[in-house]
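S.K.: Once you've had a glance at the structure underneath, I'll fire off some questions.
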Amino acid sequence: MLDLPKIYNYRNSEKHWINFWEEKKFYYSKPNSSKEKYVIVIPPPNVTGVLHIGHILNNTIQDIYTRWKRMSGFEACWVPGIDHAGIATQIVVEKDLLKQGITKESLGREEFIKKVWEWKELKGGHILKQLRNLGASVDWSKERFTLDENLSKAVKFVFVDLFKKGLIYRGNRIVNWDPKTQTAVSDDEIIFREKKDKLYYIKYYLAGSENEFIPIATARPETMFGDVAVAVNPNDDRYKKFIGKKVLLPVVNKEIPVIADEYVDIEFGTGALKITPAHDINDFEIGKRHNLEIINVLTKDSKLNEHGLEYEGQDIFVVRKNVTVRLRELGNLIKEEEYIHNVAISEKSDAIIEPFMSEQWYVSMSKLAEPAIHAVESGAIKFHPEKWVKTYMHWMNNLQDWCISRQLWWGHQIPVWYHKTTGEIYCETEPPVDSENWERDPDVLDTWFSSWLWPFSVFGWTGEENKNNKDLKFYYPTDLLVTANEIIYLWVARMIIAGLEYMHDIPFRDVYFNSIIRDDQGRKMSKSLGNSPEPLDVMDKFGTDALRFTLVYLAPLGNDVLYNEQSTEIGRNFVTKIWNAGRFLIFNYNKVNSSDDYSYDNYKSDLSDKWILSRFNSTLQSIDKNLNYYRLNDYTKELYNFIWSDFCDWYIEFLKIKIESNRDSAGKIIEDAISLFINILKTLHPVMPFVTEELWHAFNPDKKDSSISIQEFPEFDNGEINENIEKEFEFLKEIVTSIRNLKAENGISLGTSCEIVFLTQNEDVQDLIKEFDDYIKKLCNVSDIKFLDDPDDVPKNSAASVHKDLEVYLVLEGLIDFAKQNEKIQKEIENLEKYLDNINKKLTNERFLEKASEEVVEKEREKREDTIDKLEKLKQKLEY
């Protein structure tokens with residue numbers, strides 16, 4: 001006897017199967033020459049990260065492909081790991097230490113790094129533990145951390161190699177500077193917030209004149225100490241006479257030139273710009289073109305330095321206030337205006353980002369990028385959706401050199417040493433022998449510098465000498481990357497560059513850019529808006545399978561997901577439907593096997609059996625296509641529709657009747673139904689691993705040490721797909737539905753017995769109904785069925801439903817109030833006459849006939865004919 005509880009306890013089930021999968025090591029992978037490999041490396045979440053709803057979608061997609069390929073006979077390997085997240089982790093640990101009254105400076109670099117490692121072991125990587133709850137079928141034996149010994153070796157090797165190739169250099173440039181943590185930060189570590197500020201209009205007087213001036217509008221008067229020019233557009237008639245002359249820099253009383261540059265927008269502001277190359281990226285580029293001096297007026301913690309004259313040591317906001325007062329006193333301040341603009345904020349420290357001139361390490365990217373451009377252009381790497389190729393190409397063709405140094409302690413310290421006496425630079429993977437005479441560069445590398453090596457460093461690559469190790473040869477290149485579109489250039493492009501440079505092959509073949517999850521108002525999820533549900537709470541409330549399924553079901557390729565917590569009921573209701581289908585099959589299996597009234601004689605398949613097999617194989621065919629083309633929500637929708645409607649709502653209903661009508665072969669009937677259901681579970685397993693594992697074990701109690709996840713994924717059989725059978729059964733469904741609807745429309749309960757008359761001259765239709773008359777009677781509670789071929793013989797006072805080659809009549813005599821019925825028909829006639837009138841207006845409208853395609857016009861004509869036909873039949877019915 002098989003057993004399945006009435007209610008699915010997803011909480012217990014999920015805990016049990018997570019432990020079971022790990023104990024049995026089903027997802028452990030090793031190089032296997034007898035199988036084709038399929039590899040995904042997880043986008044490593046930050047060690048400080050916490051699970052959010054976007055992670056659920058991203059990792060569910062990865063899990064779907066890993067499970068599908070594993071079940072399809074591939075050696076599937078999904079590598080987990082976490083990123084050391086330099087700035088984020090350092091900030092977290094510094095805050096923890098400050099609570100104890102300890103600063104990192106008081107500890108020193110070595111002791112501080114020890115403290116960070118202690119924190120990492122104790123609290124770090126919590127996100128991977130959370131992802132475990134998702135049922136991710138990763139190979140935990142391959143878990144990697146970007147500061148692991150081998151990954152660190154790889155990072156050092158690449159830095160040294162690029163340095164020796166002349167592709168890494170030091171340079172003074174403007175960077176995104178975080179004055180709180182006092183480090184350069186990357187673009188992805190910046191967020192923008194709206195801020196109300198003031199715009200200051202200042203007179204820059206022509207040198208030697210008390211009347212002529214150029215008006216400048218600026219939000220940052222505190223940086224004017226670094227002004228080296230005023231720029232105007234050469235085509236601006238207002239300022240042409242000033243070009244080549246000099247103006248007097250207010251407060252500083254220094255003469256600076258007026259230059260002409262087409263970058264200046266004549267229509268914007270006053271049409272003139274103060275040029276401060278050290279504190280604005282656009283000014284920096286203008287300064288380069290005109291060979292202007294670069295004067296840095298700020299300290300690393302955003303105070304004025306010695307160039308700030310009497311304001312030296314003051315915070316920039318204090319200086320802004322004080323300089324404004326001074327400008328007003330001098331008569332240089334024209335006016336102040338309030339305006340709202342976006343301000344760059346450090347996501348990790350919440351400090352306002354300062355464009356800051358700083359000496360940093362850079363990777364020269366243009367030469368490295370060429371093969372990576374070709375890899376995507378040629379289609380060797382495919383993007384899904386394809387529209388992101390344009391974004392990738394735009395970035396790659398406008399590539400800037402990559403600032404890779406960070407002024408932090410936590411991370412990969414740059415493998416460069418400076419001789420204390422000679423200043424000579426030493427760059428190797430190991431320190432110089434006479435290390436006491438050398439001082440190491442204190443900076444660490446950008447976190448992305450280790451992440452761009454991720455697809456091959458996770459498999460043990462540490463440099464050219466071991467690129468042929470067994471794991472690397474088997475697993476590289478990987479097959480699929482699932483990631484967010486906002487890091488196309490920060491990560492995706494760089495991984496392609498690194499893979500081609502060091503492995504001489506692309507790092508992955510397909511890139512799937514998952515949807516952004518928004519609330520039902522279209523707003524991006526955020527804690528500040530209070531619209532971002534906690535995934536673990538949602539999983540606890542609805543079940544993990546429910547959340548996984550719902551997110552994929554709602555996520556069309558290339559479009560955002562509109563989600564709210566209640567949407568998860570889609571998945572929860574689906575789980576319940578599947579569970580109840582399993583219970584029905586087990587109940588009937590037990591009934592058949594515990595009674596002598598049933599046996600296992602051979603059974604000849606009828607239309608319903610052939611139909612469900614055809615539908616299942618059609619669904620399998622669609623699943624294969626949708627998964628191969630990365631249309632995941634189509635995969636879930638196909639399954640949802642097939643399981644909910646075809647299998648549960650129709651086939652199971654037919655099965656109930658079939659078992660009792662064919663007792664001698666009931667055992668075989670239920671056995672075949674269970675076999676089909678198990679295959680259905682396999683197709684659903686990649687997206688709903690827990691409930692499918694639970695049900696599979698319920699039907700396979702003798703396979704307690706196995707798993708559905710290592711069973712063979714069903715393949716579609718073209719020979720089982722029969723469109724004619726599907727059409728025939730759809731017609732049968734239509735008949736059943738029409739009788740049920742006729743009862744409902746006329747206020748007759750489904751449980752009330754009735755007589756049905758079929759009017760048809762089509763023998764095939766008649767034969768089909770006769771073959772299934774027993775099903776029709778039982779599904780619709782019909783006491784008697786009659787066939788007529790003459791409309792005049794139809795009983796008066798019957799409710800009709802019109803179909804192709806068939807009219808269905810429900811005999812109403814003795815069942816309803818005819819006066820009410822006629823009232824209802826009259827109303828329907830009136831509605832159809834209005835509808836027909838609208839169609840006729842369209843078809844007599846010359847403008848419509850001119851503009852509409854032939855196909856559209858023909859459809860309108862067909863609608864008219866159908867409506868006229870229905871009206872005639874309703875009017876005849878009214879006459880009865």
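The values are calculated or read from the model by the stated rules, or taken from the named source; none is laboratory data. The model shown is predicted, which means the values in this text are computed figures rather than measured ones. No Cβ is skipped: glycine too gets one built from the backbone with ideal geometry, and neighbour counts run over all protein chains shown. Ligands, DNA and RNA are excluded from the accessible area calculation, which covers all protein heavy atoms including side chains. Shrake-Rupley method; radii C 1.70, N 1.55, O 1.52, S 1.80 Å.
S.K.: Please go through region 362-384 and give me each residue that is farther than 20 Å from V185 by Cα, among the aliphatic types (A, V, I, L, M) and in a loop (DSSP other than H, G, I, E, B), ordered by number.
M.R.: Result: A380, I381.
S.K.: Tell me the residue from K637, K610 that is under 30 Å from F383 (Cβ atoms), open to solvent by 60 Å² or more (accessible area, probe 1.4 Å), touching a residue at least 12 places away in the same chain (Cβ under 8 Å) and assigned to a helix (DSSP H, G or I), please.
M.R.: Every option except K637 fails the conditions.
S.K.: A further question on this structure: Would you mind telling me which numbered condition in (1) surrounded by fewer than 19 Cβ atoms within 10 Å (Cβ to Cβ); (2) part of a loop (DSSP other than H, G, I, E, B) V264 fails?
M.R.: Failed condition: (1).
S.K.: Here's a check for you: in region 581-600, which residue that is aromatic (F, W, Y) and surrounded by 15 or more Cβ atoms within 10 Å (Cβ to Cβ) is nearest to the chain's Cα centre (by Cα)?
M.R.: First pass over region 581-600, keeping only residues aromatic (F, W, Y): 584, 587, 589, 598, 600.
Then drop every residue that is not surrounded by 15 or more Cβ atoms within 10 Å (Cβ to Cβ), which leaves 584, 589, 598, 600.
Values: F584: 36, Y589: 42, Y598: 51, Y600: 49 Å.
Going through the qualifying residues, I end up with F584.
S.K.: Out of the residues in region 678-709 meeting the condition of being touching a Leu at 6+ places or on another chain (Cβ under 7 Å) and within 22 Å of L613 (Cβ to Cβ), tell me which one is surrounded by the most Cβ atoms within 10 Å (Cβ to Cβ).
M.R.: The extreme case among them is L695.
S.K.: Within region 714-772, can you find the residues that are within 24 Å of D805 (Cβ to Cβ) and aromatic (F, W, Y)?
M.R.: Once the filter is applied, which keeps residues that are within 24 Å of D805 (Cβ to Cβ) and aromatic (F, W, Y), region 714-772 yields F729, F731, F758, F772.
S.K.: Name the residues in region 56-96 that are part of a strand (DSSP E or B) and either open to solvent by 10 Å² or more (accessible area, probe 1.4 Å) or of a type in the set (G, A, S) (or both), would you?
M.R.: E75, A76, G81
S.K.: Write out, first by first residue and then by second, each pair whose Cβ atoms fall under 6 Å of each other, whose residues are 6+ apart or on separate chains, and whose first residue, in region 694-708, is in a helix (DSSP H, G or I) while the second is among the small types (G, A, S).
M.R.: From region 694-708, the pairs are E694/S13; L695/G582.
S.K.: Look through I506, I578, I570 and report the one residue that is crowded, with 20+ Cβ neighbours inside 10 Å and either in a helix (DSSP H, G or I) or polar (S, T, N, Q) (or both).
M.R.: Details: I506 fails: either in a helix (DSSP H, G or I) or polar (S, T, N, Q) (or both); I570 fails: crowded, with 20+ Cβ neighbours inside 10 Å.
Just a single option satisfies the conditions, and that option is I578.
Residues checked against (1) buried (at least 19 other Cβ atoms within 10 Å of the Cβ); (2) under 30 Å from L627 (Cβ atoms); (3) basic (K, R):
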position	(1), (2), (3)
H307	no, no, no
Y311	yes, no, no
N342	no, no, no
E347	no, no, no
P355	yes, no, no
S364	no, no, no
L368	yes, no, no
V389	no, yes, no
C403	yes, no, no
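S.K.: Inspect all residues belonging to region 558-565 and state whether any of them is open to solvent by 10 Å² or more (accessible area, probe 1.4 Å) and either without any contact (Cβ under 8 Å) to a residue 24 or more places away in the chain or in contact with an Asp or Glu (Cβ under 7 Å, 6 or more places away or on another chain) (or both). Walk me through it before giving the result.
M.R.: If we filter region 558-565 for residues that are open to solvent by 10 Å² or more (accessible area, probe 1.4 Å), which is where we start, we get 558-560, 562, 564-565.
Now narrow it down to the ones that are either without any contact (Cβ under 8 Å) to a residue 24 or more places away in the chain or in contact with an Asp or Glu (Cβ under 7 Å, 6 or more places away or on another chain) (or both): 562, 564.
Scanning region 558-565, I find at least one residue that is open to solvent by 10 Å² or more (accessible area, probe 1.4 Å) and either without any contact (Cβ under 8 Å) to a residue 24 or more places away in the chain or in contact with an Asp or Glu (Cβ under 7 Å, 6 or more places away or on another chain) (or both), so the answer is yes.
S.K.: Quick check on V138: is it assigned to a loop (DSSP other than H, G, I, E, B), β-branched (V, I, T) and touching a helix residue (DSSP H, G or I) at 6+ places or on another chain (Cβ under 9 Å)?
M.R.: yes
S.K.: Considering only residues that are in a loop (DSSP other than H, G, I, E, B) and modelled with pLDDT of 95 or more, look in region 7-33 and name the one that is surrounded by the most Cβ atoms within 10 Å (Cβ to Cβ). Working first, answer last.
M.R.: To start, the set of residues in region 7-33 that are in a loop (DSSP other than H, G, I, E, B) comprises 7-9, 25-33.
Filter once more, keeping what is modelled with pLDDT of 95 or more: 7-9, 25-29.
Values: I7: 8, Y8: 23, N9: 11, K25: 11, F26: 15, Y27: 23, Y28: 12, S29: 25.
Of everything passing the filter in region 7-33, S29 is surrounded by the most Cβ atoms within 10 Å (Cβ to Cβ).
S.K.: Hey, another quick one. Quick one: which strands (runs of 3 or more DSSP E) lie wholly within region 385-503 and hold at least 2 residues that are of a type outside the set (D, E, K, R)? Write out each step before concluding.
M.R.: Numbers: elements: 416-419, 425-427, 438-440, 480-483.
Passing ranges, in order: 416-419, 425-427, 480-483.
S.K.: Enumerate the pairs (first residue in region 832-847 and of a type in the set (V, I, T); second residue anywhere and open to solvent by 50 Å² or more (accessible area, probe 1.4 Å) and modelled with pLDDT of 90 or more) with beta-carbon separation below 8 Å, excluding pairs fewer than 6 apart on the same chain, so at least 6 apart or on different chains.
M.R.: Qualifying pairs under 8 Å: I839/K863; I839/R864.
S.K.: Kindly indicate the residue of region 791-809 that is acidic (D, E) and touching a residue at least 12 places away in the same chain (Cβ under 8 Å) and also nearest to Q826 (Cα to Cα) among those meeting that condition.
M.R.: E807
S.K.: Output the residue which, of all residues in region 797-827 that are over 47 Å from the mean Cα position of the chain (by Cα) and charged (D, E, K, R), is least open to solvent (accessible area, probe 1.4 Å). First the steps, then the outcome.
M.R.: Taking region 797-827 as the starting set, the residues that turn out to be over 47 Å from the mean Cα position of the chain (by Cα) are 797-800, 805-827.
This time we only want the ones that are charged (D, E, K, R), so: 805, 807, 813, 817, 820, 823-824, 827.
Numbers: D805: 84, E807: 32, E813: 119, D817: 86, K820: 145, E823: 132, K824: 102, K827: 135 Å².
Among those residues, the one meeting the criterion is E807.
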